[in-house]
1. Pick from the range 114-142 the residues that are small (G, A, S) and within 21 Å of V194 (Cβ to Cβ): which of them is modelled with the lowest pLDDT?
2. Quick one: S197 ticks every box in (1) under 19 Å from the mean Cα position of the chain (by Cα); (2) in contact (Cβ under 8 Å) with a residue 24 or more places away in the chain; (3) under 26 Å from R243 (Cβ atoms) bar one, so which box is it?
3. Being more than 20 Å from R243 (Cβ to Cβ), under 17 Å from the mean Cα position of the chain (by Cα) and not hydrophobic (A, V, I, L, M, F, W, C) is the requirement here; does D188 meet it?
4. Can you pull out every residue in the range 185-210 that is polar (S, T, N, Q) and farther than 21 Å from G139 by Cβ?
5. Of the residues that sit in the range 213-244 and are hydrophobic (A, V, I, L, M, F, W, C) and in contact (Cβ under 8 Å) with a residue 60 or more places away in the chain, which one is farthest from E19 (Cα to Cα)?
6. For the range 1-45, enumerate the residues that are on the phi > 0 side of the Ramachandran plot and not hydrophobic (A, V, I, L, M, F, W, C).
7. Check the range 116-137 and report whether any residue there is out of contact with any Leu (no Cβ under 9 Å at 6 or more places or on another chain) and closer than 18 Å to G252 by Cα.
8. Select from the range 201-238 the residues that are of a type in the set (A, V, I, L, M) and in contact with a Pro (Cβ under 8 Å, 6 or more places away or on another chain) and write down the one among them that is farthest from T166 (Cα to Cα).
Amino acid sequence: MLGDEVIETAPQVRARLFEGDLLKPVFSRYFRAGSQWTSMPRPRMLDASFDTSYVSGRATPAIEDVGAAAGDPGEFEIMLDGAQCLRFGEDLLVNVSTANHVLGAQWLSRHLEGRFRVRVMHRFADNHIDSLVLPLRPGLLLLRNPSVADQLPAPLQRWDRIYAPTPQASNFPAYGADDVIISSPYIDMNVLSVDESTVVANSLFPELIDELERNGFTVIPVRHRHRRLFGGGFHCFTLDTVRDGGNEDYFGNVSWDLEAV
């Protein structure tokens, strides 16, 4: 959601190609009430559609035999998830790791020209970044660790930081060898900010709740056991469509020293 516009992004996982259809009744109601409703081109997801040249294995086990940069780059399609983007008022920070992501960032930049500034970070993570960095309120970030802070663009280096505690095995259910774990142990960083002093966090990660409360936040604890199997936390599986406040410019003309798309 950007202002009065719903933007459907182009998923990059075949199993999630039609996932957004579940939200279409909601989007339709907003459209009938006067909102704009826009969709990125839906990818065909052929084998040749994917740029597989970048697989880091940091969040999940590395894929074997991906065939680096297989296929003709001219066949790569637009693919970008909303969770690769973080909004800071008029600025959108977009993580780009593949040629598919580059095309998605270019689409966003052209579509939003004159309304929002699209800032591209290269290979901050494989794809989603909301278990690495989350803005909690203006001037304050929740970060995974200091090495993440070192990768932030200059304007965000000036913001205060809270570092998430290191997750322990006891924070999660025991899984077997055949269970497919599709998210990082830091998935509980994926909190939902209700306002500048209130967040929804997983009750099964009390260490993070304690850290947030020490920093003055009111925490609403909600239990979410199998977040690593589902591959999502509260920031992932919610879409806040209405917010108080206006469209703020937190950075003005400060240089981000990031490559344009």
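1. From the range 114-142, those small (G, A, S) are 114, 125, 131, 139; that's our starting set.
Applying the additional criterion that residues be within 21 Å of V194 (Cβ to Cβ) yields 131, 139.
Values: S131: 86, G139: 96.
Going through the qualifying residues, I end up with S131.
2. (1)
3. On the way: more than 20 Å from R243 (Cβ to Cβ): yes; under 17 Å from the mean Cα position of the chain (by Cα): yes; not hydrophobic (A, V, I, L, M, F, W, C): yes.
Answer is yes for this residue.
4. Going residue by residue through the range 185-210, those that are polar (S, T, N, Q) are 190, 193, 197-198, 202-203.
Scanning the range 185-210 gives N202, S203.
5. Step one: list which residues in the range 213-244 are hydrophobic (A, V, I, L, M, F, W, C), which gives 217, 219-220, 222, 229-230, 234, 236-237, 239, 242.
Checking the rest, the ones that are also in contact (Cβ under 8 Å) with a residue 60 or more places away in the chain come to 217, 236, 239.
Working: F217: 33, C236: 13, L239: 13 Å.
In this case the residue turns out to be F217.
6. Residues satisfying the conditions are G3, G34.
7. Initially, the range 116-137 is screened for residues out of contact with any Leu (no Cβ under 9 Å at 6 or more places or on another chain), giving 123, 126, 128, 131, 137.
Okay, now just the ones that are also closer than 18 Å to G252 by Cα, so 137.
Taking every residue of the range 116-137 in turn, at least one turns out to be out of contact with any Leu (no Cβ under 9 Å at 6 or more places or on another chain) and closer than 18 Å to G252 by Cα.
8. Going residue by residue through the range 201-238, those that are of a type in the set (A, V, I, L, M) are 201, 204, 208-209, 212, 219-220, 222, 229.
From the residues that got through so far, the ones that are in contact with a Pro (Cβ under 8 Å, 6 or more places away or on another chain) too are 201, 208-209.
Working: A201: 15, L208: 9, I209: 13 Å.
Step by step, filter the range 201-238, then rank; the result is A201.
The values are calculated or read from the model by the stated rules, or taken from the named source; none is laboratory data. Bear in mind that the values here come from a model prediction, so they are computed numbers and not experimental data. When we count neighbours, we look across all protein chains shown, and the Cβ atoms used for this are built from the backbone with ideal geometry, even at glycine.
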